[in-house]
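Written out below as structure tokens is the structure these notes cover.
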Amino acid sequence: MGGLTVYAKLKKLLPNENYIYFGDTKNMPYGEKTADELMNYAKTILEFFEQKHAKAVVMACNTTSSVIYDKIKDKYDFKIYPIVQSCAKIIADLDVKKVGIFATNATVKSNVYKKEIQKHNSKIEVIQIACPDWVRLVEENRKDDRAVEVKVKQMLDYKPDKIVLGCTHYPYLIDTLAKFAPKDMFIDPSVYFAEFIKNDIAKSTGHGFEEIYASANPVQFMRAGKMFYKMKEPPKLFLG
């Protein structure tokens, strides 16, 4: 569901593109999965997009971008846009000395945010803290200020200039996060990501077509997803 944060921004910037969205509700949360599991999920989804003749695929998941992107990026005829690698250069260009990353266990373990940011700017110090419980807070639309406060205070001990919300679910928590640190301290990478894709795609070739799929519980997906994007009808159930 977190990918809807990217989709909503991308559709606003490129309203005439044709879109197919896939929400893997059956296998979430990705942040606790092994690399092999993530690879299997990705293959299923990318093959589905291949059958749909996609011209490009947006990997709107920090975990898969971090763990498996490099292994699959050249295996398909379409271009794949990974959120971490696409945003790292922009983050590296910011006038900051120290950047914090909130992300899933898998993303933090991969160390990709740090590697990618420091590849472009070796002077930036990168602090990474895993927040494994936050995805379920968003997916289940629950409030738990304490679970957020603990992680924010842990991060603030390092005195970062900015904090990257390194999971597409986390922007939903911005009002809670802002209780414990200034709102403008937090970076939502989906804003940078959507702009990056818009600039890379020279011209829209569609007419605003939209098709949304979920691998399980499509009605629940629509209900919970409205915090990010209002769907006109429940997603189609993916049976592949």
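None of the figures in this text is laboratory data; all of them are computed from the coordinates on show. A quick note: this is a predicted structure, and the numbers were derived from the prediction, not measured. Note: ideal-geometry Cβ built from the backbone for every residue, glycine included; neighbour counts use all protein chains shown.
In which sequence would Lys198, Lys73 go, from the one with the fewest C-beta neighbours within 10 Å to the one with the most? Could the numbers behind the result be given before it?
Working: Lys198 16, Lys73 13.
Fewest-to-most Cβ neighbours within 10 Å comes out as Lys73, Lys198.
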- Run the quick spin-label model on Lys236 and Thr34: label points 7 Å from Cα toward the beta carbon, then report their separation in nm to one decimal. 3.3
- FRET efficiency, 1/(1 + (r/R0)^6) with R0 25 Å, evaluated for Asn111 and Tyr76 via beta carbons: 0.50
- Name the shape class, rounded, prolate or oblate, that the alpha-carbon gyration tensor gives for the chain, where a ≥ b ≥ c are the square roots of its eigenvalues, rounded holds for a/c under 1.5, and otherwise prolate holds if a/b is larger than b/c and oblate otherwise. prolate
- Task: Describe numerically, in nm with one decimal, the distance between label points set 7 Å from Cα along Cα→Cβ at Ala178 and at Lys153.
- Result: 2.2
- Task: Taking a cut-off of 18 Å between Cα atoms, list the aspartates and glutamates near Lys162, but don't count ones fewer than 8 places away on the same chain.
- Result: Asp93, Asp95, Glu116, Glu125, Glu149, Asp175, Asp184, Asp188
- Note on the structure: Highest mean packing first, using Cβ neighbours within 10 angstrom, the peptides 106-119, 15-28, 53-66 sort as 53-66, 106-119, 15-28
- Query: Say we join alpha carbon atoms closer than 10 Å with springs in a Gaussian network model of the chain; which of Pro182, Pro160, Pro132 then has the biggest fluctuation?
  - Reply: Pro182
- Query: Which of the peptides 165-174, 83-92, 216-225 is most tightly packed, and how do the rest follow, going by the mean number of other Cβ atoms within 10 Å of each residue?
  - Reply: 165-174, 83-92, 216-225
- Helix-derived mean residue ellipticity, 222 nm - over the chain, DSSP H n ≥ 4, -39500 (n - 2.57), to 500: -12000 deg cm²/dmol
- Message: Report the Cα centroid-to-centroid distance between segment 28-44 and segment 76-128 in angstrom, as an integer.
- Response: 20
- Would you work out the relative contact order for segment 85-188, in percent, from Cα pairs under 8 angstrom that are 6 or more residues apart? 32
- Let me know the shape class of segment 99-240, please: from the alpha-carbon gyration tensor, a ≥ b ≥ c as square roots of the eigenvalues, rounded when a/c is under 1.5, otherwise prolate if a/b is greater than b/c, or oblate. oblate
- Query: In nanometres, what is the gap between the two model label sites at Asn16 and Val96, each 7 Å from Cα along Cα-to-Cβ?
  - Reply: 3.6
- Task: Give the calculated FRET efficiency between Arg223 and Glu47 to the nearest 0.05, with a Förster radius of 22 Å applied to their Cβ-Cβ distance.
- Result: 0.20
